[in-house]
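S.K.: Dumping the structure here so I can ask a few things about it.
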Amino acid sequence: MAPPSTIVSSNNTLLPGSDSFSNRKYSPTLKSAVSSENEISQLSELLSSTKLFTTMDDNVDPIALNWKSESSDYKKRGPVVCNFYKNGECKHNAVGAHSGCYSVYHALAVASKQLDPNFTPNFANSEPQFSVPYNKSWTDGESIVSIDPFGHLAIPENYEEYGDVDIRPSIAITKAVLQLPDIEQMVARGDLKVDGKIVLNEQGDVAISKIAVDPVWYLPGIAKRFEITEEELRLSLFKDTNNMYPELITRPDIKTFLPPIGGSTVYIFGDPDYLSDPTKDLALRVHDSCTGSDVFASNICTCRPYLIFGMQEAIKQAQQPNGVGMCVYFQKEGRALGEITKYLVYNARKKYGDTADKYFYRTECIAGVRDMRFQNLMPDILKWLGVQRINKMLSMSNMKFDAIVEAGIKIEERIPIPDYMVPGDSNVEIDAKVHSGYFTTGNVKTEEELKKTTGNDWK
Ligand SMILES: [Zn+2]
């Protein structure tokens, strides 16, 4: 199969990468950006040997990928292939790159000649350390649209019939032991007991099973979840990434996109088999990353304390005869607005006088919205794990609650962070969130009362 050669934009003008690019007249701007004819010629040579993207034509032969296959047989669904390396140029069936935001580091390793782009991984002995049983939501085409349900089985050995294409896992399943000073203190205080199975010893070592998951988006399903058309979604992804992924436009036949964003990690306390059993009790914390608090214990928000509380309750639940606990950690720093925006908001909050009534307003001024986490994709991981019933939900977020319930998962009890765990400077956040609709068992403050909840002024 010859590689696709027609490279045109949607309005049929030739783009860099086409055979004609080397003969193009450069604009005055580009001419001034390159210092010599030699540089222009090197650039032209590079671009003429590189296919920037493909269009739908007779030359392409993507591997079939049936998101809705209604079968537990991963071979019937087909593998996700997005690399152009090896035979991927003709056969790829996904836009984007593996490993989310880390794909750029892969590019650096290749560019600096430290990694052969055609390197063939040896996946021997790296297989999942426990099984996640198939359930129908994996292949109904709608329940799971933001991860690849068969991502843990995506190794070349499982798809030898497709020949020399780069197939890589987007899910990895392993085990670990956690050593947290907070857990050690809970054991010392008697808040957690040593059972030798989950809490292993007096030092508070905790045995866990864990799963790392990279995002894999099924575009028709994502569009449906956001109640927009697939075309609107494709165009927005294309434009908003400054045209990084032309095939979002030129290959409407390709329905899968591996976005350059962070993934998630599942931490399971107790028997993973219990997760899909509705007769077992599950305590769940769904947590969005906050490096400043989670890792460095900044006192301006409740993230780390709530995560620690979530782990404590998950462990306690798992120590019950029919219990299991889980924390799902999503890489969505600063409400998915990023740390830069977050710190700018901190500055504005402190400069204006930090009060709860203006908590969300300060974010909206800088980011245009108060939150970009879009929890409606979050339940996919729960559906994948087969979760049907949550006994204790360690979260106050109405957005998370609504998304999980909407996905058909029952939540029996919601448990707010205990008052004694709320750091001094984060009452502004908690009061504002509760006022906006976050769950509480306490009082909801009025607009007037929010003005009186103030944070530290850094002086
Ligand atoms: Zn935080």
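The values are calculated or read from the model by the stated rules, or taken from the named source; none is laboratory data. Keep in mind that this is a model prediction, so the values were computed, not measured. Neighbour counts are summed over all protein chains in view; Cβ atoms, including those assigned to glycine, are modelled from backbone coordinates with ideal geometry.
S.K.: Among (1) surrounded by 21 or more Cβ atoms within 10 Å (Cβ to Cβ); (2) free of Cβ contacts under 8 Å to residues at least 60 places away in the same chain; (3) of a type in the set (D, E, K, R), which single condition is Lys383 missing?
M.R.: Of everything listed in (1) surrounded by 21 or more Cβ atoms within 10 Å (Cβ to Cβ); (2) free of Cβ contacts under 8 Å to residues at least 60 places away in the same chain; (3) of a type in the set (D, E, K, R), Lys383 misses just condition (2).
S.K.: For the range 38-77, what are the residues that are of a type in the set (Gly, Ala, Ser) and without any contact (Cβ under 8 Å) to a residue 40 or more places away in the chain? Talk me through it step by step, then tell me what you get.
M.R.: As a first pass, look at the range 38-77 and keep what is of a type in the set (Gly, Ala, Ser): 41, 44, 48-49, 64, 69, 71-72.
Selection gives Ser41, Ser44, Ser48, Ser49, Ala64.
S.K.: Can Val345 be described as more than 15 Å from the ligand (Cβ to nearest atom) and at pLDDT 90 or above? Before you say what the answer is, go through the steps one by one.
M.R.: Details: more than 15 Å from the ligand (Cβ to nearest atom): no; at pLDDT 90 or above: yes.
Answer is no for this residue.
S.K.: Separate question: Given the criterion buried (at least 19 other Cβ atoms within 10 Å of the Cβ), assigned to a loop (DSSP other than H, G, I, E, B) and within 16 Å of the ligand (Cβ to nearest atom), identify the matching residue among Ile417, Ile430.
M.R.: Details: Ile430 fails: assigned to a loop (DSSP other than H, G, I, E, B).
The match here is Ile417.
S.K.: Follow-up question, since we're still on this one. If a residue must be over 14 Å from Phe269 (Cβ atoms), of a type in the set (D, E, K, R) and outside any loop (DSSP other than H, G, I, E, B), how many such residues does the range 168-201 contain?
M.R.: Number satisfying all stated conditions: 3.
S.K.: For the range 312-342, which residues satisfy the criterion of being in contact (Cβ under 8 Å) with a residue 24 or more places away in the chain, within 16 Å of the ligand (Cβ to nearest atom) and not small (Gly, Ala, Ser)? Walk me through it before giving the result.
M.R.: Of the range 312-342, the ones in contact (Cβ under 8 Å) with a residue 24 or more places away in the chain are 312-320, 322-337, 339, 341-342.
Now narrow it down to the ones that are within 16 Å of the ligand (Cβ to nearest atom): 327, 329-337, 339, 341-342.
Matches in the range 312-342: Cys327, Tyr329, Phe330, Gln331, Lys332, Glu333, Arg335, Leu337, Glu339, Thr341, Lys342.
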